[in-house]
Amino acid sequence: MRRFGCYYMKTSMAEKLRIGITCYPTFGGSGVVATELGIQLAELGHEVHFISSRLPARLRRHTLADVSFHEVNTYNYALFQHAPYTLALAAKMADVAEHFHLDLLHVHYAIPHAISAHLAGEMLGGRVKIVTTLHGTDITLVGNDPSLHRITRFAINQANAVTTVSRWLADQTAAQFQPEVPVTVVPNFVDPEEFHPQLGEDWAGKHYACPGHPHLIHVSNFRPVKRAPDAVLVLAEVLKHHDAHLLMVGDGPDLPQAMQLARELGLNGRVTFMGNREDVAYLLAVCDVALLPSASESFGLSALEAMACGCAVIASDIGGLPELVRDGRDGYLCPVGDIIGMAGHVVDLLTNADKLAHIKADARRRAETEFSPAAMVPRYLEIYRSVLAPAQEGAHGG
Ligand code: GMT
């Protein structure tokens with residue numbers, strides 16, 4: 001049960017904003033953050049409209065009483081190779097913004113959402129403001145492809161405000177796109193009441209875990225950048241020295257490879273592949289150590305969710321992860337692909353109960369205090385108010 005009253009004051013009618021949020025509706029971190037932000041804003045009394053191709057995954061668990069969802073439907077004429085989603089989204093954004101008098105559109109992930117928002121803004125004669133949050137591969141991979149670089153830069157520069165989820169990503173954005181607009185860092189956040197260590201205690205699904213064994217967990221979309229098979233290799237190395245069980249949560253292109261590796265290494269009784277799950281928080285809460293062996297990570301939301309559930313995090317020392325995981329305090333950071341190093345830290349933690357307990361508690365405390373909605377949502381609201389300020393002044397003055 002959420003207790004938002006503890007976090008902030010409810011918004012008065014005069015301060016109420018009407019906000020459109022667009023994100024990918026899948027289990028990806030950018031969609032999760034966008035959804036949680038929308039829920040938090042609605043809890044504060046703002047009017048929130050999600051505009052997306054499907055109901056965002058995390059919104060399925062939420063009662064829709066205080067947020068609206070507008071589905072983008074594409075038209076696939078026989079002449080087209082692909083239905084034009086970017087245009088359908090732009091048209092839907094403009095419709096929703098006009099009908100519900102939206103103050104702003106907050107889009108998560110530049111491609112194609114920031115382009116659609118710009119088009120919607122143009123259709124409405126600039127009456128709706130645009131805030132774009134860059135999440136990672138929209139800058140480092142997709143937006144950097146020669147076919148999309150120019151339009152990504154254009155979209156960034158058309159926004160009224162741009163945010164990134166880490167300092168590292170802000171630096172990457174500056175280096176690769178030389179933005180002409182200021183870029184503000186607003187790190188991701190986690191709801192410490194939804195993700196907390198006690199969740200596992202009375203959980204009916206406990207049987208997924210193997211009682212009596214220490215538990216490792218890897219949660220990702222199993223894309224190559226996550227290096228999910230490395231988690232299996234770490235487990236194999238750990239088992240040479242200590243008992244352990246690994247939960248592999250999520251689905252994606254590298255899942256078959258990770259499963260095959262587990263079979264080849266004879267780990268079948270020691271690793272459980274669980275697919276996509278709605279109860280990730282419960283799974284994290286019954287685990288001790290979360291593994292994030294990614295090759296690139298602008299922030300690492302799954303590390304933060306693990307920390308909130310009291311897991312120590314063993315992660316790659318790359319991207320925005322060092323801004324989240326303090327080496328030696330919330331877990332350990334190792335070079336990408338350093339299986340032996342990662343396994344060594346796991347074994348060290350599993351054989352040293354006091355150290356593990358300390359790190360688990362520190363990780364939880366950091367998530368709860370420094371990466372909470374209370375810490376981050378006001379920063380987004382400040383950005384919203386700053387982009388709306390000139391318009392509001394004009395409206396009052398005129
Ligand atoms: O950028 C992506 O590949 C997808 C994106 C997502 O939707 O999950 O992940 C990025 O955004 C997350 C939320 O801000 C971050 O926690 C992830 O670190 C980031 N992924 C990468 O940078 C690879």
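The values are calculated or read from the model by the stated rules, or taken from the named source; none is laboratory data. It should be emphasised that the depicted structure is a prediction, and the values quoted were computed from it without experimental measurement. Glycine also receives a Cβ, built like all others from the backbone with ideal geometry; neighbour counts cover every protein chain displayed. Calculation scope for accessible area: heavy atoms of the full protein, side chains included, ligands and nucleic acids excluded. Shrake-Rupley method; radii C 1.70, N 1.55, O 1.52, S 1.80 Å.
So here's what we get for this one:
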| read-out | value |
| --- | --- |
| Any pair with Cβ under 8 angstrom, 6 or more apart, that starts in region 160-177 at a residue that is open to solvent by 10 Å² or more (accessible area, probe 1.4 Å) and ends at one that is of a type in the set (D, E, K, R) and assigned to a helix (DSSP H, G or I) | R167/E323; W168/E323 |
| Evaluation of T164 against (1) farther than 30 Å from E98 by Cα; (2) at pLDDT 95 or above (one fails), failing number | (1) |
| Members of region 251-280 that are small (G, A, S) and in contact with a Gly (Cβ under 8 Å, 6 or more places away or on another chain) | G275 |
| Qualifying residue in region 105-117 (condition: in contact with a helix residue (DSSP H, G or I) (Cβ under 9 Å, 6 or more places away or on another chain), at pLDDT 95 or above, farther than 25 Å from L381 by Cα and in a helix (DSSP H, G or I)) | no |
| Residue match in region 277-285 (condition: among the aliphatic types (A, V, I, L, M) and free of Cβ contacts under 8 Å to residues at least 60 places away in the same chain) | no |
| Test: residue in region 128-148 that is small (G, A, S) and buried (at least 23 other Cβ atoms within 10 Å of the Cβ) | yes |
| Subset of region 42-88 (residues that are free of Cβ contacts under 8 Å to residues at least 24 places away in the same chain and charged (D, E, K, R)) | E71 |
| Which listed residue is within 16 Å of the ligand (Cβ to nearest atom) and surrounded by 18 or more Cβ atoms within 10 Å (Cβ to Cβ), from G320, G310 | G320 |
| Options L89, L105: the member that is closer than 15 Å to G38 by Cβ, of a type in the set (A, V, I, L, M, F, W, C) and surrounded by 23 or more Cβ atoms within 10 Å (Cβ to Cβ) | L105 |
| Residue among M342, M376, M307 that is in contact (Cβ under 8 Å) with a residue 60 or more places away in the chain and not assigned by TED's automatic domain parsing to the domain that holds R223 | M376 |
| Residue count for region 119-138, restricted to those that are within 16 Å of the ligand (Cβ to nearest atom) and either within 24 Å of V377 (Cβ to Cβ) or free of Cβ contacts under 8 Å to residues at least 40 places away in the same chain (or both) | 7 |
| Test result for A258, over 23 Å from P322 (Cα atoms) and open to solvent by less than 10 Å² (accessible area, probe 1.4 Å) | yes |
| Failed condition for A209, given (1) among the aliphatic types (A, V, I, L, M); (2) within 19 Å of G300 (Cβ to Cβ); (3) modelled with pLDDT under 95 | (2) |
| Those residues of region 282-298 which are open to solvent by 10 Å² or more (accessible area, probe 1.4 Å) and farther than 13 Å from A363 by Cβ, in sequence order | Y282, V286, A295, S296, E297, S298 |
| Scope region 275-301; condition over 13 Å from F371 (Cβ atoms), within 11 Å of the ligand (Cβ to nearest atom) and not hydrophobic (A, V, I, L, M, F, W, C); matching residues | S294, S296, E297, S298 |
| Matching residues, region 337-393, being among the β-branched types (V, I, T) and exposed (fewer than 15 other Cβ atoms within 10 Å of the Cβ) | I340, T351, T369 |
| Close pairs (6 angstrom Cβ cut-off, 6 or more residues apart or separate chains): at pLDDT 95 or above in region 178-203, within 15 Å of the ligand (Cβ to nearest atom) and open to solvent by 30 Å² or more (accessible area, probe 1.4 Å) anywhere | V185/R167; V186/R379 |
